[in-house]
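**Student:** Before I ask anything, let me first share the structure, which is written out below as structure tokens.
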Amino acid sequence: MSGLVRYITGQCIRRSVSDIIAETASDIRTMQVRGAGRIARAGASALAIFSESYKGDSLDGFKTDVEAAARILLASRPTAVSLWNGVHASTKDIDLALTMSEARDSVVRNANAFVDMSVKALQAISEIGARTIRNGDVIMTHCNSSAALGVIKKAHDQGKDIKVYATESRPWRQGILTVGELVNAGIDTTLIVDSAVRTVMGRVDVALVGADTIMSNGALVNKIGTSQIALMADEARVRFSVCSETYKFSPMTIFGDEVTIEEREPGEVVSKGEVPDSVKIFNPVFDITPPKYIDGIITELGILSPGSVYDVMIRQFGYRALDSR
Ligand code: RI2
């Protein structure tokens with residue numbers, strides 16, 4: 001078990017409460033906890049534990065410390081807005097509290113509610129998404145998305161005869177996790193290198209990927225390589241569907257904020273000495289798929305067109321999220 005906590009379907013098992021925020025941020029930064037949904041649940045769970053065990057009795061002191069904790073968590077990885085939404089859902093009522101205990105209770109209550117909502121959203125996406133998979137379908141997936149894998153596994157559980165091509169997803173090779181999960185579930189699974197996507201696309205009926213962030217115009221931010229899959233799916237007339245909980249919608253993009261694309265260390269791409277030191281390594285972790293390549297976004301509310309994301313975002317978040325920027 002890594003760090004202080006282990007995250008299983010959104011539940012956080014407590015081992016110690018000291019430094020929970022710093023350790024959770026470190027687990028997220030080093031990708032011991034990864035996946036847009038999991039990091040959001042990890043952030044909310046850490047805030048709940050931090051608040052439950054808070055020793056001070058000053059309301060102002062608590063607010064200041066929770067704000068600092070939120071900043072540390074948000075600095076851990078910049079791209080997936082799920083983390084931002086998880087943290088803000090947890091702290092949203094803190095300014096309404098009149099006492100320290102009211103404030104503390106609101107963070108614990110809201111954080112736990114976020115985690116519950118997040119797990120239920122995944123279940124709903126599995127149910128809704130599985131209805132879009134037909135018997136005999138060949139599916140391509142990328143990286144390791146619990147939302148996309150939930151759909152695939154549910155379709156298999158329903159007795160549909162499906163096959164999956166899973167990309168390796170360099171440099172972290174999350175595809176290795178994906179093929180392990182799928183084979184354990186009894187699904188016919190083939191691993192391909194990322195550069196084989198175009199070759200294989202002709203055999204595929206549907207490309208199914210997860211999301212780190214959905215922008216207000218319906219564009220998808222997801223693991224590097226996703227946009228190439230979308231383009232190749234378009235070229236081959238293959239359906240391209242995104243599996244995304246609505247807390248991966250980014251309210252900040254409504255008013256023009258850009259999504260920061262995380263760049264990680266060169267050492268994730270090549271080992272020291274493998275190439276001359278003068279070679280520059282560029283390691284962007286995510287890319288952006290324009291809405292025109294997306295056939296549907298499978299959410300817990302149903303299947304949305306990219307063009308309807310803005311309306312759902314306003315209904316879900318209102319403008320309150322923007323106030324706390
Ligand atoms: P779920 C992952 O990012 C992948 O990009 C994946 O598609 C996305 O999060 C969503 O994952 P990373 O943490 O929330 O591996 O569907 O960089 O599990």
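The values are calculated or read from the model by the stated rules, or taken from the named source; none is laboratory data. Keep in mind it's a predicted model, so treat the numbers as computed, not measured. Heads up, the Cβs are rebuilt from the backbone with ideal geometry, glycines too, and the neighbour counts pull from every protein chain shown. With ligands, DNA and RNA removed, areas are computed over all heavy atoms of the protein, side chains included. Shrake-Rupley method; radii C 1.70, N 1.55, O 1.52, S 1.80 Å.
**Student:** How many Å² of accessible area per residue for the range 49-105, probe 1.4 Å? Walk me through the numbers on the way to the answer.
**Tutor:** Numbers: 2660 Å² over 57 residues.
Counting only protein heavy atoms, the per-residue value for the range 49-105 is 47 Å².
**Student:** Where the accessible area of the range 40-93 is counted over protein heavy atoms with a 1.4 Å probe, how much of it, in %, is carbon and sulfur? Mind showing how you got there, number by number?
**Tutor:** Working: 990 of 1920 Å².
Carbon with sulfur: 51 percent of the solvent-accessible area.
**Student:** Nearest 5 is fine: what % of DSSP beta bridges in the chain come out antiparallel, could you say?
**Tutor:** Of those bridges, close to 40 percent are antiparallel.
**Student:** Once you keep just the Cα pairs under 8 angstrom separated by 6 or more residues, what percentage relative contact order results for the chain?
**Tutor:** Details: 614 pairs, mean separation 50.9, N = 325.
Relative contact order, the chain: 16 percent.
**Student:** With axes computed from alpha carbons, what is the tilt in degrees of helix 100-130 against the longest principal axis of the chain, rounded to the nearest 10 within 0 to 90?
**Tutor:** 10
**Student:** Here is a further query. Computing the accessible area with a 1.4 Å probe over protein heavy atoms, can you report the carbon and sulfur percentage for the range 174-325?
**Tutor:** Values: 3770 of 7350 Å².
Carbon with sulfur: 51 percent of the solvent-accessible area.
**Student:** Rank by packing, highest mean first: peptides 247-254, 286-293, with packing defined as the count of other Cβ atoms within 10 Å averaged across residues. Spell out each step's value before the answer.
**Tutor:** Working: 247-254: 23.8, 286-293: 17.6.
In decreasing order of mean packing, 247-254, 286-293 become 247-254, 286-293.
**Student:** A further question on this structure: Let's test the formula: R0 of 45 Å, r as the Cβ-Cβ distance of Arg134 and Asn283. What FRET efficiency results, to the nearest 0.05?
**Tutor:** Values: r = 38 Å, r/R0 = 0.83.
With a Förster radius of 45 Å, E is 0.75.
**Student:** Rounded if a/c is under 1.5, else prolate if a/b beats b/c, else oblate: with a ≥ b ≥ c from the C-alpha gyration tensor eigenvalues square-rooted, which is the range 129-188? Please list the in-between numbers first.
**Tutor:** Numbers: a/c = 2.03, a/b = 1.92, b/c = 1.06.
Here the range 129-188 falls in the prolate category.
**Student:** Under the Kirkwood approximation for Rh and a Cα-based Rg, what ratio Rg/Rh is obtained for the chain? List each step's numbers first, then the result.
**Tutor:** Values: Rg = 20.0 Å, Rh = 20.4 Å.
Dividing the radius of gyration by the Kirkwood radius yields 0.98.
**Student:** Give me the angle, in degrees from 0 to 90, between the Cα long axis of helix 146-157 and the longest principal axis of the Cα atoms of the chain, rounded to the nearest 10.
**Tutor:** Its long axis makes an angle of about 50 degrees.
**Student:** I need the peptides 32-42, 165-175 ranked by packing, meaning the mean over residues of other C-beta atoms within 10 angstrom, with the highest value on top.
**Tutor:** Values: 32-42: 23.8, 165-175: 21.1.
Answer by packing, highest mean first, reads 32-42, 165-175.
**Student:** Mean residue ellipticity at 222 nm from the helices of the chain, using -39,500 (n - 2.57) per DSSP H segment of n ≥ 4 over the full residue count, to the nearest 500 deg cm²/dmol? Don't jump to the answer; show the numbers that get you there.
**Tutor:** Details: 11 runs with 136 residues, N = 325.
-13000 deg cm²/dmol, from helical runs alone.
**Student:** Follow-up. Before I look further, what does the range 216-325 give for accessible area per residue, probe 1.4 Å, in whole square angstrom? Can you show the working numbers first?
**Tutor:** Details: 5600 Å² over 110 residues.
Here the residues of the range 216-325 average 51 Å² of exposed surface.
**Student:** Also, I was wondering about something else. For the cross-link pairs Lys92/Lys248; Lys92/Lys154; Lys92/Lys223, which exceed 25 Å when the distance is taken from alpha carbon to alpha carbon?
**Tutor:** Values: Lys92/Lys248 17 Å; Lys92/Lys154 34 Å; Lys92/Lys223 29 Å.
Long pairs (Cα-Cα over 25 Å): Lys92/Lys154; Lys92/Lys223.
**Student:** Separate question: Using the alpha-carbon atoms, what tilt in degrees (0 to 90, nearest 10) does helix 36-52 show relative to the longest principal axis of the chain?
**Tutor:** So the helix axis and the longest Cα principal axis differ by about 10 degrees.
**Student:** Once you have the Cα-Cα distance between Lys292 and Thr190, take 0.36 nm times their residue separation minus that, and quote the gain in nm to one decimal. Provide the component values of the computation, followed by the final result.
**Tutor:** Details: separation 102, 0.36 × 102 = 36.72 nm, distance 2.83 nm.
Taking 0.36 nm per residue and subtracting the Cα distance, the gain is 33.9 nm.
**Student:** May I ask you to evaluate 6.51 cos²θ - 1.76 cosθ + 1.60, the Karplus curve with θ = phi - 60°, for each residue of the range 158-163 and list the ³J(HN,Hα) values in order in whole Hz, giving x for glycine and proline?
**Tutor:** 6, x, 6, 8, 10, 10
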